[in-house]
Each structure stands twice: as structure tokens, then as C-alpha cells.
1. Out of the stretch 113-162, which residues are under 18 Å from Ser299 (Cα atoms) and polar (S, T, N, Q)?
2. Do you know which residues across the stretch 207-219 are buried (at least 22 other Cβ atoms within 10 Å of the Cβ) and either under 22 Å from His314 (Cα atoms) or more than 15 Å from the chain's Cα centre (by Cα) (or both)?
3. In the set Leu63, Leu68, which member is surrounded by 17 or more Cβ atoms within 10 Å (Cβ to Cβ), at pLDDT 65 or above and either polar (S, T, N, Q) or over 19 Å from Ser293 (Cα atoms) (or both)?
4. Would you please name the residue that is farthest from Val172 (Cα to Cα), looking only at residues in the stretch 213-226 that are among the small types (Gly, Ala, Ser) and at pLDDT 90 or above?
5. For the stretch 124-139, give me the residue count where each residue is hydroxyl-bearing (Ser, Thr, Tyr) and over 14 Å from the mean Cα position of the chain (by Cα).
6. Can you tell me which residue is surrounded by the fewest Cβ atoms within 10 Å (Cβ to Cβ) among those in the stretch 101-140 that are of a type in the set (Ser, Thr, Tyr) and modelled with pLDDT under 95?
7. Out of Tyr285, Tyr239, which single residue is aromatic (Phe, Trp, Tyr) and buried (at least 21 other Cβ atoms within 10 Å of the Cβ)?
8. Only helices (runs of 4 or more DSSP H) wholly contained in the stretch 123-232 count here; list those with 3 or more residues that are of a type outside the set (Lys, Arg) and out of contact with any helix residue (DSSP H, G or I) (no Cβ under 8 Å at 6 or more places or on another chain).
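The values are calculated or read from the model by the stated rules, or taken from the named source; none is laboratory data. Keep in mind the model is a prediction, meaning the values are calculated, not measured. Glycine gets a Cβ as well: all are built from the backbone with ideal geometry, and neighbour counts include every protein chain shown.
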Amino acid sequence: MGDRDDALDLATIAKLERRLGRVHARQRLGIERDHEAQLFGQGINFFHIENWYSIHSAIRLVLRLTGLYARGQRNASSIQIRHNDVRLPGLPASFSGFTILQLSDLHVDISQGAMDRLMQVLPRLDYDLCVLTGDFRGRTFGPIDAALEGLARVRSVIGSPIYGVLGNHDSVRMVPALEEMGIRMLLNEAVEISRDGDAIHLVGIDDAHFFRVDNIEKALSGVPHEGISILLSHTPEIYRQAAHADFDLMLSGHTHGGQICLPGSIPIILDSVLPRSMGAGPWRYHNMIGYTSVGAGTSIVPVRLNCLPEITLHRLCAG
């Protein structure tokens, strides 16, 4: 690595240590270096199909031979706008109708058609707050510049405030640039959202799927138990921990809903350790409401079958 790259790394490390604290920053960076592009042995799933690049070519070949590849590519740009009413007991009256726009799994550097469609759709939407639930980058390792450039383009048509969490495809090195764009990243942290003297609490954790640097206890440390709390987690796989920590609502992505599904939106592979009923759309576990976005971008291959991409408008309602 050249002197320029060394200086860049040192500058990034210094920014991250100031932002996250020395332990979290060094831990996340160290795990990334140890496990980038690893196929086996890290995270909730022992096997990571997204890092098995020879199988990607095989999937493309099968889809081309069956005549489904072109259709799947067209589907990948057909972003749907979903509406999800969330009834929360104890929601302050001033937050009734409060709308959260969720964007997930953009994979901006490899999902150009979908991002072009987002640029058309987003300016027409009405919402109070936007959340990004991770996986901004296409690959799980390597350069971050193309992903940051693509995300800056999308960010230009998103209204503030914007909050986000990192996914298993994302590097913590992206955080300073994301925050310079006006995206407040929540890395085992919480913020209070105020309205007419009332408040709800937005909590975000670092990636729990691959890097396993999530810390719900730390994230909740300043959140009053009686308050309404909304968790942003890239993966829904920590639904048990979240429900027993008394979150009211959990917004996630990661699964892509399977991306390539059988008729009836039945996923062939979900790449997640959780009940299939939680793999896409709204669900409930004990007293916690959940929603898993199928995402706006694509991973592994740039196609979608029986699982169209989406962005979601969550409207909060009194319970």
C-alpha cells in the first residue's frame, strides 16, 4: 500500500475513533480486514453465498438458458411503493400519522436501473423521516468510492432528516462520508425524535449478520423504558433479542425477500436464520411489530423473479 493510501487509512481511523470510540472503531476495522470476502466461518450464517463468486456465474447461466434473465433484469428496476400502517399502543397523539420512509439494500454501485427509478420516484413522496437499513455497497469487500458516489446521487432527492445503519456489505470506512452527506448513522446509538413536546426514540445497531458488532444494550442505554422505541437493524435475525428488549417496532432488510422466488413469492434461498414468515413484509413477535423490506437493489445477480423491489412508507398510528 502506498504512502497516500496509508495516510488515507490513518485519517479515516482517526475520524472513526473520534466518532465511535477507539474500541468500536478498531474492532469493526479489524474484523473487516480479517474476514473480507470470506466464504465460511463468520457471522450468523456459517456459509455466505454472496461471497461464492463462481456460483454467481452459474446462476446467470441457468437464468439465461431458461429465458428468465431478461425478464428478471426488467423486474429489478420495477420498484414498488409499499404502504404499511403500524399501530403502536402508547404512541403520543402528536405522532399519529408520522410517516417513515424506509430504503434498504440499495447496492447502489451494481443496481443502476433501480437507482435511476428511485431518482424518479423519491421526489414525489411525502414523509417525515427517512431511514436506510444498510447494504449500500454491492460487494462485501473492496473499494467504497463507487458506492458513496451513487449514494450521494440518491441522497440528493431524499428529504431530511435521514438516519441509517450499516449492513453486512458495508465498510465502517464509509461512515465519515455518509455523515458528511447528512445521513446520521446509528451505530449502537439512539436519537430522540421530538414533535410538539412529545418524543419517540430511534435506535440503530451495527451489523449483526456478518460482523457481529451489534450491541442492543449499549444502544438502549439512554432510552427511557416507557418511551416508544423503533429499532433499525440491517438483519431481522435478531428479532428475539429485540423483542425481549421491549422494542415497539423493528425495521430491517437484508433478505431481499429471496430475490429469486417461485410463484407466490416463495423464496428459493433466504440467506437468513429466521422463520420464513419474517423474510418479507410485516410480522409480529410477542409484543414487537416488525417489517422486513425486500430492498430496492439486487445482490449476487442483477435480477428479480416473483419478488419486485420496494421502498416502504410506514405510517405510525395510535394502537
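1. Thr133, Thr140, listed by residue number.
2. Hit for the stretch 207-219 is Ala219, nothing else.
3. Only one candidate qualifies: Leu63.
4. Ser221
5. So the count comes out to 1.
6. Thr140
7. Tyr239 is the lone residue from the list that is aromatic (Phe, Trp, Tyr) and buried (at least 21 other Cβ atoms within 10 Å of the Cβ).
8. Because the criterion is at least 3 residues that are of a type outside the set (Lys, Arg) and out of contact with any helix residue (DSSP H, G or I) (no Cβ under 8 Å at 6 or more places or on another chain), the helices (runs of 4 or more DSSP H) in the stretch 123-232 that meet it are 145-155.
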